[in-house]
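A.B. asks: This is the structure, below, for whatever I ask next.
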Amino acid sequence: MKQGDKPVHGMWTSRWAFILAATGSAVGLGNIWKFPYFAGEYGGGAFVLVYLLCIALVGVPIMVAEVMLGRKGGMSPVHTMKKLAAESKVSRRWAGIGYMGALAGFLILSFYSVIAGWTLYYIWDMAQGGFQGISAAGSLAHFEGMQANAWLMLGCHTAFMILTMWVVARGVSRGLEKAVQVLMPLLFVLLIGLVVYASTTPGFAQGVNFMFHFDFSKLSGKAVMAALGQAFFTLSLGMGAIMVYGAYMPREVKDRRSGQARRVSIVSTVGIIALLDTLVALGAGLVIFPVVFSNGLEPSQGPGLLFVTLPLAFGQMPAGVIVGTVFFVLVMCSALSSSISLGEPMVAWLVERGLGRPLAAVAVGLTAWVIGIGTVLSFNYWKDVTFLVGTFFQNVDFLASSLMLPLGGMLIAIFAGWVMKETQARKELAMKSFGLYMVWRAVVRIVAPLAVAAVLLNALIGVLGGS
Ligand code: TRP
C-alpha cells in the first residue's frame, strides 16, 4: 500500500476521537489497580516521584515518537516499521519492533483479562450488597476466597476476553468510540467524588503523606525499574498500541466552525492524554491510601490493594451499594477500552495479511486466553510455584512490562531519533516551536535510550544475580 492510499482499517473521525481512544487505552487497570499497588509495595513517595519523572522525561517524548511513526506509516506496527525502514534504506529487521510488540501485547492481554475479570465478579457482588458493613478482615477474606476459586476466576477471565474480542471484531470506531465518550467523563466525576469522600476519612493526611513524602532511602534499583516499566505500561507505550492508534489518526481535520482544514498536532494531543492518565492514577491513590490508613490495613498488600480497600469504603459510606457498583462498572469499562488496544496491533497485522477482522480477533483472543490460564493458577494451585521474579503471573508481567515495553520504547526512540531522516520526522510532527522540537529530539536521541538502557541493565543484573 502506498502512502495516500485508502487505509484498510478506517480512521478516527476527529481529533477528539483519537484523544478519547488513546486515553481509553492509557487509562485502565494500570492507573487504578497497578499504580497504587506498586506505590504501596515500593514505599510510596519516592516511587511516585520517580514515576512522574519517567512519565514526563521518557514517556511523553516516546509517545510522541510512537504516534509520529504510526501516522507516517499508516499500518500495523509490523508493516509500518517495514515501510519506514525501506524508506530510510535500513534493514527490514526494524520490523522486529512490531513483532516484539505483538508478543508483549499477547502477554499483557493474558493477565490483564484475568484481573479485569475480578472487576466483573466485584460488580456482581457489590450490586447484591455483599460488602455492606464489612470489616477489613472480612474484605480481605472475601478477596482471598475469590482467588482460591480457580474456576470462578477462569469464568470471569473467559467472559472478559470474549467481551474484548467482540469489540475488536466489530471494529473500534463503531462501538468503542461511542461508549468511551460517555464512560470516561463519568469515571472522572466519580473519582473526584471518591477523593472528596476519602478526604473526610481519618487516614487522609497519612495517605497523602505516604504518596507525596519522598523518602529516598526506600528507593531500590528494583523500584526505579518498576517506575519506568509502569510509566510505559500506563501510557500503553513500547508495543505498538499507540503506534497503531496513531496510524488511524488523520493529518488534517475540518475545523467545525470555519470549515477549513486544520492540522492535527501530535504533541499537544499527546500532552492531553498523558495529563489525563496521570490525574487518574494520582486520584486512585488519593482514594485508596486514606482508606488503607483509616482501617489499619497495609499499603504493601500487593495486587489485592484495590479489591480489598475500596469495597471496605463502599461498605461504610451511604449509598455504598450503588456507588460501589457504578465504580466497578467504570473500572471494567476502562479496562475494556485498554484491552482492545493490546490486541489491536496483532489483529491489524493479521487483517493486512488478508484475514477477516472477526477471525483475527478470535485467533488473538484465544491465544491470550490460553496464556492467561497460567495467571489464573498463579493465585491458587501454582501460588507457591515461584521462579526468577515470583509466580507465573509475576514473571509474565515482569517480562512484558519491565523488559519488553522499555526495550520496545528504546528502539522506537532510536529509530525516530537516529535512523529516520530528520526532515521527515520534523515534517510529520510539524511542531510550531523549534525550541520544543529540539528538546524532543535530544530526548529521543539521548536521554530516553540512555535512561532505559541503564534501568534495563540494572534489571538484568538484579534478576540474574538472584536478588
Ligand atoms: N495502559 C493500560 C493501563 O494502564 C494498559 C495497556 C493498554 C497497555 N494497552 C497497552 C500497556 C499497551 C502496555 C502496552 O491499564
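The values are calculated or read from the model by the stated rules, or taken from the named source; none is laboratory data. Only a predicted model underlies this, so the values are computations on that prediction, with no experimental measurement involved. Here Cβ is always computed from backbone atoms with ideal geometry, including for glycine, and neighbour counts include all displayed protein chains. Surface accessibility is based on the protein's heavy atoms, side chains included, excluding ligands, DNA and RNA. Shrake-Rupley method; radii C 1.70, N 1.55, O 1.52, S 1.80 Å.
A.B. asks: Suppose we filter A22, A17, A39, A46 for residues that are open to solvent by less than 20 Å² (accessible area, probe 1.4 Å) and at pLDDT below 90; which single one remains?
C.D. replies: A17
A.B. asks: Go through S110, S88, S14 for me and flag whichever is under 17 Å from E428 (Cβ atoms) and away from the ligand (no atom under 11 Å from the Cβ).
C.D. replies: S88
A.B. asks: K218 - would you say it is closer than 30 Å to T200 by Cβ, open to solvent by 50 Å² or more (accessible area, probe 1.4 Å) and out of contact with any Ser or Thr (no Cβ under 6 Å at 6 or more places or on another chain)?
C.D. replies: yes
A.B. asks: Now, a different point. For the stretch 216-233, what are the residues that are over 18 Å from the mean Cα position of the chain (by Cα) and either within 16 Å of the ligand (Cβ to nearest atom) or outside any helix (DSSP H, G or I) (or both)?
C.D. replies: L219, S220
A.B. asks: A further question follows. Taking the condition of being touching a helix residue (DSSP H, G or I) at 6+ places or on another chain (Cβ under 7 Å) and under 20 Å from V452 (Cβ atoms), how many residues in the stretch 381-402 meet it?
C.D. replies: 6
A.B. asks: Which of the residues belonging to the stretch 335-372 are β-branched (V, I, T), within 16 Å of the ligand (Cβ to nearest atom) and farther than 17 Å from E177 by Cβ?
C.D. replies: Listed by number, the residues that qualify are V364, I371.
A.B. asks: Considering only the stretch 245-262, I want to know if a residue exists there that is of a type in the set (G, A, S) and within 27 Å of A400 (Cα to Cα).
C.D. replies: yes
A.B. asks: While we're on this one: Kindly list the number of the only condition in (1) more than 19 Å from M225 (Cα to Cα); (2) touching a Pro at 6+ places or on another chain (Cβ under 8 Å) that fails for A448.
C.D. replies: Unmet for A448, out of (1) more than 19 Å from M225 (Cα to Cα); (2) touching a Pro at 6+ places or on another chain (Cβ under 8 Å): (1).
A.B. asks: Also, I was wondering about something else. Within the stretch 91-105, work out how many residues are open to solvent by less than 30 Å² (accessible area, probe 1.4 Å) and either within 16 Å of the ligand (Cβ to nearest atom) or not in a helix (DSSP H, G or I) (or both).
C.D. replies: 6
A.B. asks: Determine which single condition V208 fails, assuming it passes every other condition in (1) under 28 Å from G343 (Cα atoms); (2) in contact with a helix residue (DSSP H, G or I) (Cβ under 8 Å, 6 or more places away or on another chain).
C.D. replies: (1)
A.B. asks: Across the stretch 396-414, what is the total count of residues that are over 12 Å from L237 (Cα atoms), modelled with pLDDT of 95 or more and open to solvent by 20 Å² or more (accessible area, probe 1.4 Å)?
C.D. replies: Of the residues in the stretch 396-414, 1 are over 12 Å from L237 (Cα atoms), modelled with pLDDT of 95 or more and open to solvent by 20 Å² or more (accessible area, probe 1.4 Å).
A.B. asks: I would also like to ask the following. Would you mind finding the one in I97, I115, I162, I134 that is more than 21 Å from L237 (Cβ to Cβ) and at pLDDT 95 or above?
C.D. replies: I162
A.B. asks: For Q206, indicate whether it is at pLDDT below 95 and surrounded by fewer than 23 Cβ atoms within 10 Å (Cβ to Cβ).
C.D. replies: no
A.B. asks: Residue by residue through the stretch 415-427, note down the ones that are in contact (Cβ under 8 Å) with a residue 24 or more places away in the chain and surrounded by fewer than 19 Cβ atoms within 10 Å (Cβ to Cβ).
C.D. replies: Of everything in the stretch 415-427, those that are in contact (Cβ under 8 Å) with a residue 24 or more places away in the chain and surrounded by fewer than 19 Cβ atoms within 10 Å (Cβ to Cβ) turn out to be W418, V419, K421, Q424.
A.B. asks: What do you reckon, is L456 in a helix (DSSP H, G or I), open to solvent by 30 Å² or more (accessible area, probe 1.4 Å) and of a type outside the set (G, A, S)?
C.D. replies: Taking the combined requirement at face value, the residue does not satisfy it.
A.B. asks: Does the stretch 404-420 contain any residue that is part of a helix (DSSP H, G or I), farther than 20 Å from R263 by Cα and more than 26 Å from the chain's Cα centre (by Cα)?
C.D. replies: yes
A.B. asks: Mind listing whichever residues of the stretch 234-269 are in contact with an Asp or Glu (Cβ under 9 Å, 6 or more places away or on another chain), part of a helix (DSSP H, G or I) and within 16 Å of the ligand (Cβ to nearest atom)?
C.D. replies: Answer for the stretch 234-269, where residues must be in contact with an Asp or Glu (Cβ under 9 Å, 6 or more places away or on another chain), part of a helix (DSSP H, G or I) and within 16 Å of the ligand (Cβ to nearest atom): T234, A241, I242, M243, V244, Y245, G246.
A.B. asks: Please find, within the stretch 58-89, the residue that is least open to solvent (accessible area, probe 1.4 Å) out of those that are assigned to a loop (DSSP other than H, G, I, E, B) and in contact (Cβ under 8 Å) with a residue 40 or more places away in the chain.
C.D. replies: By that ranking, first place goes to S76.
A.B. asks: Right, something else. Collect the residues in the stretch 177-201 that are farther than 20 Å from A284 by Cβ and not aliphatic (A, V, I, L, M), keeping them in residue-number order.
C.D. replies: Once the filter is applied, which keeps residues that are farther than 20 Å from A284 by Cβ and not aliphatic (A, V, I, L, M), the stretch 177-201 yields E177, K178, Q181.
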